[in-house]
Amino acid sequence: CVPRGGGQPYAARAVEERSGFGAAQGGSGSRNCGMSKFKPLFQAAEDVPSRNAPAKNWHQKINYYTQAIQAWQEGCDSRENKANAYSNRGFARAMLREFEAAENDFNVAIKLTPGDPLPHNYLGNLYYTQEKYDQAALKFSRAFMFGLDDAYPDQAVMAHKLHTQALGFISQRKLGAERALAERERVEKEKQLRELAAAIAAALAKAQAE
């Protein structure tokens, strides 16, 4: 997704459909693919304004995407389109800060189309927003591996920036942990030296008394 200012990785704009609808894939048997409601419901979600949109718009988009997912038909609608619906619903949920539900949607989209870089990128943004920098860095790396730079160059620019920042935070945390450990070891060593000095002093005092 296209990040915006103020540390908010999600931009209030519609997510472009990645694979295109075109003609529905041909089914078999008695299934009537011409009656599939997936396409119009998905399009209805896309048509809801999202730029600087109020929360009610995102709720409306979620409702349409949910209906589209429920209307999806095996053999009529492609797995890519179903993945798009999950990914886009996750995006809308992320805009409402429904992070757990958004994460679930993105993971379903990844399961349906593992090689699509966009839901990996969305998850990277989601984890970054929650300061889960290890998971964010991993998902951004996956997005790059699956071709985010070529497929979505605009989003890749911000993804690289957030990836670098996530790695920086991880490094700082590691350095902080190392410094904290060194400080604990220093304090413990000083304690042991004080105890040793006290023991020596006590032994000398006892020897003089005898």
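At 1.4 Å probe size, with every protein chain present, just tell me what the per residue accessible area of the range 147-210 comes to in Å².
It amounts to 78 Å² per residue over the range 147-210.
Quick check: with the 1.4 Å probe, what order do 59, 163 take by accessible area, largest first?
Values: 59 95, 163 30 Å².
Correct descending sequence by accessible area is 59, 163.
Quick check: at a probe of 1.4 Å, how many percent of the accessible area of the range 69-210 sits on carbon and sulfur atoms? Write down the numbers at each step before the final one.
On the way: 4390 of 8000 Å².
Ligands and nucleic acids excluded, carbon and sulfur reach 55 percent.
Over the range 58-104, average the accessible area per residue using a 1.4 Å probe and give it in Å², no decimals. Provide the component values of the computation, followed by the final result.
Details: 1890 Å² over 47 residues.
Roughly 40 Å² per residue, with all protein chains present.
Give the accessible area for residue 140 in Å² (nearest 10); use a 1.4 Å probe, count only protein heavy atoms, and leave out ligands, DNA and RNA.
0 Å²
Would you mind giving the three semi-axes, in whole Å and largest first, of the ellipsoid equivalent to the range 121-197 according to its Cα gyration tensor?
Working: eigenvalues 351, 16, 13 Å².
Computed over the range 121-197, the values are 42, 9, 8 Å.
Compute the normalised compactness of the range 78-210: alpha-carbon radius of gyration over 2.2 N^0.38 Å, N being the residue count. It would help to have the intermediate numbers written out before the result.
Numbers: Rg = 26.2 Å, N = 133, 2.2 N^0.38 = 14.1 Å.
Working it through for the range 78-210, the quotient is 1.85.
Averaged over all directions, how much area does the convex hull of the C-alpha atoms of the range 156-210 cover when projected, in nm²? Intermediate results must be reported in sequence, preceding the final value.
Values: hull surface 11.7 nm².
Result: 2.9 nm².
Using only Cα atoms, locate the centre of the range 189-210 and the centre of the range 151-173, then give the distance between them in Å, rounded to an integer.
If you average the Cα positions of each part, the centres end up 56 Å apart.
Highest first, please rank the peptides 141-153, 44-56 by the mean number of other Cβ atoms sitting within 10 Å of their residues. Could you put the intermediate results ahead of the total?
Values: 141-153: 16.5, 44-56: 14.3.
The most tightly packed comes first, giving 141-153, 44-56.
About the Cα centre of the range 95-162, what is the dipole size in debye to 20, counting +1 per Lys and Arg Cβ and -1 per Asp and Glu Cβ, all else neutral? Could the numbers behind the result be given before it?
On the way: 6 positive and 10 negative charges, 23 e Å.
Using Cβ point charges on Lys, Arg, Asp and Glu, the range 95-162 gives about 100 debye.
Note down the net charge around residue 114, summing +1 for each Lys or Arg and -1 for each Asp or Glu among other residues with Cβ under 11 Å from its Cβ. Don't skip to the end; give the middle numbers.
Numbers: positive: 79, 111, 142; negative: 116.
Taking every other residue near residue 114 into account, the sum is +2.
The values are calculated or read from the model by the stated rules, or taken from the named source; none is laboratory data. Only a predicted model underlies this, so the values are computations on that prediction, with no experimental measurement involved. Counting neighbours? That spans all protein chains shown, and the Cβs are built from the backbone with ideal geometry, glycine included. Note: accessible area is taken over every heavy atom of the protein model, side chains too, but ligands, DNA and RNA are not part of it. Shrake-Rupley method; radii C 1.70, N 1.55, O 1.52, S 1.80 Å.
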